[in-house]
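The next block holds one structure in the form of structure tokens; read it before the comments.
The values are calculated or read from the model by the stated rules, or taken from the named source; none is laboratory data. Not measured: the values here are computed from a predicted model. In this analysis, Cβ positions are derived from the backbone assuming ideal geometry, glycine residues included, and neighbour counts consider all displayed protein chains.
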Amino acid sequence: MKKEKQQPNQNDHSEYNPSLSEYDQEQTEPEIVPHQRSIRKSTGWATLIIIGMAILGSFFTTSYSDEGTEEEVVANRISKTTTAGESLIKDETNSNIRAKDFEVTNAGTDGGEARMLIWDFNKEDLDEVAILVDGVPVKEKLIITENAAALSIPVPSKVTISGVKDVGGGISYAVKFPNNETTYFNVVSVGQSNTYTVLPRP
């Protein structure tokens with residue numbers, strides 16, 4: 001009796017087909033890149049940092065957009081956008097402003113206290129001023145720097161800032177009352193004074 005020749009089973013997948021298997025593997029396996037996760041993480045962090053810096057940069061570049069350039073802000077004498085301790089001018093110059101007395105409105109509640117900040121908005125050169133409140137010295141010698149010094153001022157009152165020592169280029173300074181969110185730019189000569197009439201809210 002003749003044995004029938006066994007035909008290969010078309011449905012038998014156990015037989016290894018090298019060319020098909022390699023092709024399938026290339027199509028289905030994800031491409032492996034060394035340090036792929038690290039690269040993706042680094043790219044993500046870099047993107048976030050760039051976005052953050054762009055937002056921060058836009059904040060600083062637009063802080064004067066409504067009031068003009070730094071020189072124009074100082075020349076206008078009063079600012080609502082300047083932050084305490086901000087150095088607007090890098091050279092020792094007073095931007096051609098003159099000494100001036102100011103009336104500070106909405107400084108605080110009547111009978112209360114207002115916070116006053118004072119600093120050198122110009123190139124820091126360690127000039128010195130004296131501060132009096134209603135004629136009484138509260139700081140006989142204050143070295144003004146780019147770091148704002150804080151004082152508590154009664155409301156109402158009259159604050160007098162006198163020039164004590166000019167290291168060179170004139171004594172330039174800024175005063176800010178956070179309660180009314182206003183900064184006042186001024187200059188004073190040695191032996192001369194500026195006054196700030198501090199008034200309460202209506």
Criterion (over 21 Å from T197 (Cβ atoms) and modelled with pLDDT of 85 or more) met by exactly one of G85, G112: G85
Could you please give the count of residues in segment 95-105 that are crowded, with 17+ Cβ neighbours inside 10 Å and part of a loop (DSSP other than H, G, I, E, B)? 1
Looking at segment 176-202 only, could you name the residues that are free of Cβ contacts under 8 Å to residues at least 60 places away in the same chain and β-branched (V, I, T)? V190
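What residue, of V138, V104, is assigned by TED's automatic domain parsing to the domain that holds Y173, over 28 Å from the mean Cα position of the chain (by Cα) and at pLDDT 90 or above?
Only one candidate passes the filter, namely V138.
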Kindly establish whether F59 is under 26 Å from the mean Cα position of the chain (by Cα), among the hydrophobic types (A, V, I, L, M, F, W, C) and at pLDDT below 55. yes
Give the residue that is nearest to L132 (Cα to Cα), with candidates limited to residues of segment 170-194 that are loosely packed, with under 15 Cβ neighbours inside 10 Å and among the polar types (S, T, N, Q). Q192
Return the total of residues in segment 111-152 being assigned to a strand (DSSP E or B) and small (G, A, S). 5
Index of the failed condition, K158 passing every other in (1) in contact (Cβ under 8 Å) with a residue 40 or more places away in the chain; (2) touching a Lys or Arg at 6+ places or on another chain (Cβ under 9 Å); (3) of a type in the set (D, E, K, R): (2)
Would you confirm whether any residue within segment 182-199 is more than 25 Å from E67 (Cα to Cα) and in a strand (DSSP E or B)? yes
Picking from V190, V129, V159, V167, which residue would you name as being among the aliphatic types (A, V, I, L, M) and over 29 Å from the mean Cα position of the chain (by Cα)? V190
